[in-house]
Amino acid sequence: MPISKIVRYVPVIFTVLFLVFVPAAAPQTPAPQNFPWMNRSLSSDERADLVIQQMTLDEKIQLVHGAGWGVLRPGAPVPARSNLGAGYTPGVDRLGIPDINLADSAVGIRLAAMQSRYATLLPSTLGLAATWDLDSATLFGTVIGRELRDQGYNMSIGGGVDLAREPRNGRTWEYAGEDPLLAGTIVGHLAKGVQSQQVMGDIKHYAFNDQETGRTTVNVLIDKRAARESDLLAFQIAIGIADPAGVMCAYNKFEGDYACENDYLLNEVLKKDLRFKGFVLSDWDGTHSTVKAAKNGMDMEQPGDGFFGAPLKKAVESGEVPPARLDDMVHRILRGMFATGVIDNPPLLRRVVDPFRGLEDAQQIAEKSIVLLKNADGLLPLSAANVKSIAVIGSHADVGVLSGGGSAQVDAPGGNAIDPQPGVSDWDKPVYFPSAPLKFIRKKAPGAKVEFNPGTDPAAAAAFAKSYEVAVVFVNQYMCEDRDFETLSLPDHQDALVAAVAAANPHTIVVLETGSTVSMPWLGNVKAVLAAWYPGIAGGEAIANILFGDINPSGKLPITFAKSEADLPHPQIAGMDLKRKAQAAKLPGWTPLPPFDANYTEGAKVGYKWFEAENKEPLFPFGFGLSYTAFAYSGLKVDEKQCQVTFRLQNTGSRPGAEIAEVYAQLPSAGGESYKRLVAWDRIELAPGESKLVTLPLHPLYLSIFDEKKDAFTQLPGEYKILVGPSSSETPLTAPLQVHN
Ligand code: BGC
């Protein structure tokens, strides 16, 4: 390995060498092959049923709940065989059914450092969605599955697909944006990637956990058609792609009932209509009843047994919960275990993950995720040979890149780069990963003077920036579970920082490390803006590669950037006033807010659909992203018989590049939609001058409306308008599509 590569890996190597590998519990031996259910020629359903025939009532009950808070709650007992993740459900040794060890793993494995292990931090899920790239999504899930397996876990809890209905939601970065087709497709491939490693996958939080404010008490109201065409459609698409073993039900209420005991969400939609074959596990302490939850479709309580332990046994014995329903819960769990391979091929040895492979994979995804939002006068890419001096400012760019907080937090190798103490990260303290943009910028331009200013004092940063040819200002928005933002403004006076630097240096470039969208009052005064999201363990290098043009940016926005919160459907997040009151009364952070409603009156008009329907101009539209080359669209043809579109895309610039070409549809007026919707896209790589004919199928579901009377999706007859182009607000090609009865 060349020295330069080894240097790049130093923090990772440090961690791997210095962390003592602590096996949590003796690995279980695989099931004896002579059990009838070990016959692999049988279906997973048949195999599950054969096991159930042998199970006692106690064994069944044991499989439908967790064994307590374990490592998550100081002082809670930790079961001897737990792999020390977020959840643990003991298996049935007698029948060769392994324990289920669950790890939070939205963007990499959580709590790894607590176990003296290493886990790769991938870009945020929102960043992944900005790639619009199915291979990247599969790779993302594959990294997670591979590392979970190496660490002895057999179930991932991640796969967040709640829609970015509210960009101030503190978990926006854990989700895949605002469009149900894009989000569902990306997360479906992510979960498929996890399961390709013979680890059970999960999709969450079902459903409408679209804000963190009052998440355990809020009651979401939305009409049925809108529900099915927005958040529930994202779940439908993801589940259809991945066939995940698990779906985690959410904390919030939906139309009066908690999501984890909601007959409509769980039985009617998820299990009957979407034909979900896996099991529904509760969010942590999201269970509220025994009989109601069991009857209404929940299959596994986590992390404890308060409702699905002894109380469920009693309810089954008394007949309040039919024994067949308990069998159904167990069947769903065992089916997922057979279908994903965790019984046939359990993780046997815990070993150190391959951090180098993870780093390469994370970088590849990050480089496709970064979105170039502005590039006035072609300032970017910077010329490594010609640039004389660069001022690098802000956001600890001298030591690392930011990551997101809460239960999706991954531990940084060697500890937090801004506070290096090895060990597990704090819940709500920003953690920086040791991939310093400053270092990689210096490496790119060895002949240039490249210095750093922390940016904590705008006036000092401006004075510093003045004498440099170019100023690159890094700004951040740290987001964490259980906490929403009140505004879209950058926190910590960073708007003032950018404004001051931009006034001092006419060549100012802003790099956003944000969990969601932000407003940009200084936009007109800076030359270039990059959205780098939370870019993951290789983020610093990925950013430098984009700044200097080694990588041509190809990401596009999976979420609309609003000019200000006044343009959002709800200028204030529901329940924020209650939250402020609780804070004023100095109630402890976890105290639930009094019950309240969040009335999602915008319905299915999430993100760009809202902006179009309301005639509001966004700061940057959904689907937008620039490149260092240029693309031309021509020759749209709609093939009604095949239900597909064809058009030509040409790279008219001088650099190779990838374009995400987007196809939208406007329904006939009977659909009542005053906006267009995304119905297809492709990511196409083209050499300079090259052109390709692109053909994309139009899936009938994505052209359908949900008809409440029929209780089904249906395609309206009439004339549809098909629109094709580089973003939701630029669709140069249009053509009609006739749909007949
Ligand atoms: C989160 C889940 C997470 C669980 C276990 C909850 O607070 O909402 O997403 O999987 O904790 O850590």
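The values are calculated or read from the model by the stated rules, or taken from the named source; none is laboratory data. Quick caveat: nothing in here was measured; it's all calculated off a predicted structure. Don't worry about glycine lacking a Cβ; one is built from the backbone with ideal geometry, like all the others, and counts go over all protein chains shown. Heads up: the accessible areas ignore ligands, DNA and RNA and are worked out on the full protein's heavy atoms, side chains in. Shrake-Rupley method; radii C 1.70, N 1.55, O 1.52, S 1.80 Å.
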(message) Once each part is reduced to its C-alpha centroid, what is the distance from region 512-551 to region 381-412 in angstrom?
(response) 9
(message) Can you find, among LEU587, ILE144, PRO446, the residue sitting farthest towards the positive end of the charge dipole of the chain, where Lys and Arg contribute +1 and Asp and Glu -1 at Cβ?
(response) PRO446
(request) Report the net charge of residues surrounding GLY575, where surrounding means a beta-carbon distance below 14 angstrom and charges are Lys +1, Arg +1, Asp -1, Glu -1. (result) -1
(request) With a point put 7 Å past each Cα toward its Cβ, work out how far SER389 is from THR734 in nm, to one decimal. (result) 5.2
(request) Please sort through the DSSP H helices of the chain and keep those with an alpha-carbon extent of at least 20 Å along the long axis and a Kyte-Doolittle average not below 0.5. (result) 180-195
(request) Report the Cys residues of the chain lacking a disulfide-compatible partner, meaning no second Cys Cβ under 4.7 Å from their Cβ. (result) CYS480, CYS643
(message) For the full complex of protein chains and a 1.4 angstrom probe, list LYS637, LYS368, LYS292, LYS204 by accessible area with the highest value first.
(response) LYS637, LYS292, LYS368, LYS204
(request) Please work out the C-alpha center-to-center distance from region 701-741 to region 70-109 and express it in whole Å. (result) 46
(request) Determine the relative contact order of the chain: mean sequence separation of Cα pairs under 8 Å and six or more apart, normalised by residue count, in whole percent. (result) 14
(request) Once you have a ≥ b ≥ c as the square roots of the Cα gyration tensor eigenvalues for region 345-406, tell me rounded if a/c is under 1.5, and otherwise prolate or oblate according to whether a/b is larger than b/c. (result) prolate
(message) Can you bin every Cα-Cα distance in the chain into 20 Å intervals starting at zero and give me the percent of pairs per bin, rounded to whole numbers?
(response) 18, 51, 29, 3, 0
(message) Probe of 1.4 angstrom, ligands and nucleic acids ignored: what's the accessible area per residue over the chain, in square angstrom?
(response) 35
(request) Note down the nm distance, to one decimal, between modelled labels 7 Å out along Cα→Cβ at LYS709 and at CYS643. (result) 2.2
(message) Going by Cα centres, region 37-62 and region 232-275 are how many Å apart?
(response) 25
(request) Grab the beta carbon distance between ARG225 and LYS429, set R0 = 35 Å, and tell me the FRET efficiency rounded to 0.05. (result) 0.25
(message) Counting C-alpha atoms alone, how compact is region 151-220: give Rg to one decimal and Dmax as a whole number, in angstrom.
(response) 13.1, 38
(message) Let's test the formula: R0 of 25 Å, r as the Cβ-Cβ distance of SER41 and LYS272. What FRET efficiency results, to the nearest 0.05?
(response) 0.25
(request) On the full set of protein chains, 1.4 Å probe, figure out the accessible area of VAL71 and give it in Å² to the nearest 10. (result) 40
(request) When a/c is below 1.5 the answer is rounded, else prolate if a/b is larger than b/c, else oblate, so apply that to region 116-185 with a ≥ b ≥ c taken from the square roots of the Cα gyration tensor eigenvalues. (result) prolate
(request) Count charges around TRP427 for me, please; just the other residues with Cβ under 14 Å from its Cβ, Lys/Arg as +1, Asp/Glu as -1. (result) -2
(request) Take every DSSP beta bridge with both residues inside the chain and express the antiparallel ones as a percent of the total, to the nearest 5. (result) 55
(request) Please work out how much length the chain gains when fully extended from ALA585 to SER654, using 0.36 nm per residue of separation minus the C-alpha to C-alpha distance, in nm with one decimal. (result) 18.7 nm
(request) Report LYS224's accessible area, 1.4 Å probe, all protein chains in place, as a number in Å² to the nearest 10. (result) 80
(request) Give me the accessible area of THR142, 1.4 Å probe, in Å² rounded to the nearest 10. (result) 30
(message) For the pair SER116/LYS449, report the inter-label distance in nm, with labels modelled 7 Å from Cα in the Cβ direction.
(response) 4.8
(request) With a 1.4 Å probe and every protein chain kept in, tell me what percent of the accessible surface of the chain is carbon plus sulfur. (result) 53
(request) Note down the net charge around ALA103, summing +1 for each Lys or Arg and -1 for each Asp or Glu among other residues with Cβ under 14 Å from its Cβ. (result) 0
(request) Output the pairs from LYS192/LYS563; LYS224/LYS295; LYS563/LYS721 with a Cα-Cα distance over 26 Å in this structure; if there are none, say none. (result) LYS192/LYS563; LYS563/LYS721
(message) Given Cβ point charges of +1 (Lys, Arg) and -1 (Asp, Glu) and nothing else, what value in debye, to the nearest 20, does the dipole of region 646-696 about its Cα centre take?
(response) 40
(request) Would you rank LEU122, LEU72 by solvent-accessible area, highest first, keeping every protein chain in place and using a 1.4 Å probe? (result) LEU72, LEU122
(message) I need the phi-derived Karplus couplings for region 644-656: 6.51 cos²θ - 1.76 cosθ + 1.60, θ = phi - 60°, integer Hz, Gly and Pro marked x.
(response) 8, 10, 10, 7, 9, 10, 10, 7, 9, x, 10, 10, x
(message) From zero outward in steps of 10 Å, how is the percent of C-alpha pairs of region 417-458 spread across the bins?
(response) 21, 37, 32, 10, 0
(request) Taking only the C-alpha atoms, wrap a convex hull around region 597-707 and report its volume per residue in Å³ as a whole number. (result) 139
(request) Starting from the residue with the highest accessible area, list GLU59, GLU255 in decreasing order, probe 1.4 Å. (result) GLU255, GLU59
(message) Step by step: find N for region 491-616, compute 2.2 N^0.38 Å, then divide the Cα radius of gyration by it. What's the final number?
(response) 1.35
(request) Using just the helices of the chain, give the 222 nm mean residue ellipticity in deg cm²/dmol: DSSP H runs with n ≥ 4 each add -39,500 (n - 2.57), and the total is spread over all residues, rounded to 500. (result) -7500 deg cm²/dmol
(request) Once you have the Cα-Cα distance between SER318 and ALA687, take 0.36 nm times their residue separation minus that, and quote the gain in nm to one decimal. (result) 125.9 nm
(request) Report, in cubic angstrom per residue, the convex hull volume of the C-alpha atoms of region 210-280. (result) 84
